[in-house]
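The numbers here are math on the coordinates, done by the rules we state, and not lab data. Please read these numbers as outputs of a predicted model, since none were measured by experiment. In this analysis, Cβ positions are derived from the backbone assuming ideal geometry, glycine residues included, and neighbour counts consider all displayed protein chains.
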Amino acid sequence: MTKVTPNPWTTLSSRHVFENNWIKLTDHKVITPGGTNGTYGAIHFKNQAVGVVPYEDGQIWLVGQTRYVLDQYSWEIPEGGCPDGENPEDCALRELHEETGLVANDLKPILQMHLSNSVSDEWAIVYLATGLTQTEAAPEVTEDISVAKVTLEEFYARVESGEITDSLSVAAAYKLMLMKAQGRL
């Protein structure tokens, strides 16, 4: 299914517009595949996105928090950013513990994806965590997190209804339902 062709875009110049600890925004002057001059803004994420689905006996744990950029409350799987040099599995286990207090004995990757490849290079991986033990959560100072335990079917229904819109969570819900239908969950 992979189509291998030369890149039809030509970059004429690039200028860094903004940078902080998490992102770098670059403005590119380009020639488009149609031959016209254009501008293309690209966001480079300095951390890899990592999500983790804590799963046991047909139930999962979701975390809820207000997302600043959206100015709304969001229910989602535990997730966070994995800095360069950190093993994504270690990051997933850390985020799981920080946000829910859960410790997993088993962790396996279930999907990888680009989150918004038309404007960013952000790459994500989602893990399935099993063999769970409850301990005390330790959220970061920027997080005001609630935790809810729901059935897999309720998680899926909340995605289908549009209540859960976080991309990692939506992708994880569909992947888990597929795994269940295939007898792999």
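Scanning the range 24-77 for residues being in contact (Cβ under 8 Å) with a residue 40 or more places away in the chain, small (Gly, Ala, Ser) and in a strand (DSSP E or B) gives a total of 6. The single residue among Leu152, Leu132 that is touching a Pro at 6+ places or on another chain (Cβ under 6 Å), touching a residue at least 60 places away in the same chain (Cβ under 8 Å) and within 15 Å of Trp61 (Cα to Cα) turns out to be Leu132.
Yes/no per residue for (1) under 13 Å from the mean Cα position of the chain (by Cα); (2) over 30 Å from Lys180 (Cα atoms):
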residue	(1), (2)
Lys3	no, yes
Val17	no, yes
Tyr40	no, yes
Ile60	no, no
Val69	no, yes
Ile77	yes, no
Asp90	no, no
Arg94	no, no
Val103	no, no
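Count, please, the residues in the range 1-23 that happen to be part of a strand (DSSP E or B), in contact (Cβ under 8 Å) with a residue 12 or more places away in the chain and either out of contact with any His (no Cβ under 8 Å at 6 or more places or on another chain) or not small (Gly, Ala, Ser) (or both). The qualifying residues number 6.
Of all residues in the range 155-185, which are touching a residue at least 24 places away in the same chain (Cβ under 8 Å) and of a type in the set (Asp, Glu)? Full working, then the answer.
To start, the set of residues in the range 155-185 that are touching a residue at least 24 places away in the same chain (Cβ under 8 Å) comprises 155, 158, 163-169, 171-172, 175-177, 179-180, 185.
Hits for the range 155-185 are Glu163, Asp166.
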